[in-house]
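The values are calculated or read from the model by the stated rules, or taken from the named source; none is laboratory data. This structure is a prediction, so every number in the text was calculated from the model and none was measured. Don't worry about glycine lacking a Cβ; one is built from the backbone with ideal geometry, like all the others, and counts go over all protein chains shown.
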Amino acid sequence: MATQRTPIISGNWKMHKNHFEAIQAVQKLHYRLDREDHESVVVTVHPPFTDLRSVQTLIESDRMKISLGAQDCHWEDQGAFTGEVAPPMLAKLDVAYVIVGHSERREYFGETDETVNKKVHAVLAQGMTPIMCCGETLEEREAGGAEAKVEGQVRAGLAGLGGDKVGSLVVAYEPIWAIGTGRTATSDDAQAMCAHIRRTVDEAFGADAAARVRIQYGGSVKPGNIAELMGRDDIDGALVGGASLDPDEFAAIAQYRLH
Ligand code: PGA
C-alpha cells in the first residue's frame with residue numbers, strides 16, 4: 001500500500017514584514033483556514049527572525065493550527081558567531097520547521113552543501129524539521145545537468161543521516177529560474193525532478209525513507225497552478241515565496257483541493 005504523506009504548504013516570507021505586519025498576516029491567514037484545511041494539509045509560515053516571538057505568542061494564545069517556521073539558522077548551539085541564530089533558540093520559540101539551503105542563501109551568502117548538511121543535522125538534533133532546498137540554474141538545465149546537480153545536492157545535504165531521519169524531513173525542489181520570475185516549471189518537469197529526488201533518497205537511504213520523505217515544489221507557485229502540481233504523484237507540497245505574503249492568496253494555495 002502506498003504511504004500516505006500529509007501535504008505541506010509553506011510560506012517563505014524572505015525579508016518582508018515587521019512583527020506588526022506579521023501578526024496581522026497570520027491572523028488573517030488563520031481566519032481563512034478552517035478545521036478541514038488543517039486536517040488535510042500542514043501549513044507553515046516562515047517570517048523573519050525578528051517576528052518569530054510575536055507570531056509564536058499569537059499562535060499559542062489563539063491555539064492556531066498554523067506551524068511556525070524559520071528561514072535559516074546556524075549549525076552550532078551557541079558561540080562567537082556574530083549575527084547568527086542558533087537552533088536551540090528557535091526550538092525554544094516552538095519553531096517546528098527550518099528552511100535550510102535556500103538558493104538565495106547559497107547564491108548570496110556562501111552557503112555550501114557542507115554547511116547545509118551541518119544545519120540539517122543541527123535542526124534535527126533540536127527536534128525540528130528541516131526543509132532542505134535544492135534546485136538547478138537555467139544554464140544547468142539547458143546544458144542537461146539538472147538531474148545531476150539536484151541529486152548531488154540531495155546526497156550531500158542529507159549525508160550522514162539515518163533513513164528514519166530522512167523519512168521525517170522535507171526536501172524542497174526549487175528550480176532557481178522559477179523563483180520570483182513568474183515562470184513555473186511545468187507540472188511534468190516538476191514531477192520528473194521530484195520523482196528523481198525520491199529515487200535518489202531510495203538509493204541512498206532506503207525504500208522506507210523514500211516513501212515517507214515529503215517533497216515540495218517551489219518557484220512561482222500561485223492559486224492558479226497549485227492544484228495541478230499537487231495532483232502529481234511525487235509532489236507533496238509547495239514552498240511559496242511571493243504569493244505567501246498575501247494571506248488571501250496563501251490561503252487559496254493551501255486550499256488547493258477545493259479548486
Ligand atoms: P516564489 O519563491 O514563490 O516567489 O517564486 C519561492 C521561494 O523562493 O521559496
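Structure values in brief
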{"item": "Criterion (β-branched (Val, Ile, Thr) and within 16 Å of the ligand (Cβ to nearest atom)) met by exactly one of 43, 55", "result": "43"}
{"item": "Number of the exception - residue 130 against (1) under 22 Å from residue 241 (Cβ atoms); (2) assigned to a helix (DSSP H, G or I)", "result": "(2)"}
{"item": "Selection count where residues are farther than 17 Å from residue 97 by Cβ, touching a Gly at 6+ places or on another chain (Cβ under 9 Å) and either in a helix (DSSP H, G or I) or more than 9 Å from the ligand (Cβ to nearest atom) (or both), scope region 207-225", "result": "5"}
{"item": "Candidates 182, 101, 135, filtered to the one that is within 16 Å of the ligand (Cβ to nearest atom) and in contact (Cβ under 8 Å) with a residue 60 or more places away in the chain", "result": "135"}
{"item": "Top-ranked residue in region 3-19 [being modelled with pLDDT of 95 or more and out of contact with any Asp or Glu (no Cβ under 9 Å at 6 or more places or on another chain); ranked as farthest from residue 54 (Cα to Cα)]", "result": "9"}
{"item": "Residues of region 228-247 that turn out to be touching a Leu at 6+ places or on another chain (Cβ under 9 Å), more than 14 Å from the ligand (Cβ to nearest atom) and under 21 Å from residue 34 (Cα atoms), as a count", "result": "1"}
{"item": "Filter result for the condition that a residue is at pLDDT 95 or above, over 19 Å from residue 244 (Cβ atoms) and away from the ligand (no atom under 16 Å from the Cβ), over 86, 96", "result": "86"}
{"item": "Boolean, residue 51 is in a helix (DSSP H, G or I) and of a type in the set (Asp, Glu)", "result": "yes"}
{"item": "In region 37-48, the residues that are assigned to a helix (DSSP H, G or I) and within 19 Å of residue 249 (Cα to Cα)", "result": "37, 38, 40"}
{"item": "Some residue of region 157-168 being in contact (Cβ under 8 Å) with a residue 12 or more places away in the chain, away from the ligand (no atom under 14 Å from the Cβ) and within 21 Å of residue 11 (Cα to Cα)", "result": "yes"}
{"item": "Qualifying residues in region 4-28 (those that are over 17 Å from residue 214 (Cβ atoms) and within 16 Å of the ligand (Cβ to nearest atom)) - the one surrounded by the fewest Cβ atoms within 10 Å (Cβ to Cβ)", "result": "15"}
{"item": "All positions within region 156-198 that are surrounded by fewer than 18 Cβ atoms within 10 Å (Cβ to Cβ), of a type in the set (Gly, Ala, Ser) and outside any helix (DSSP H, G or I)", "result": "159, 160, 162, 180, 182"}
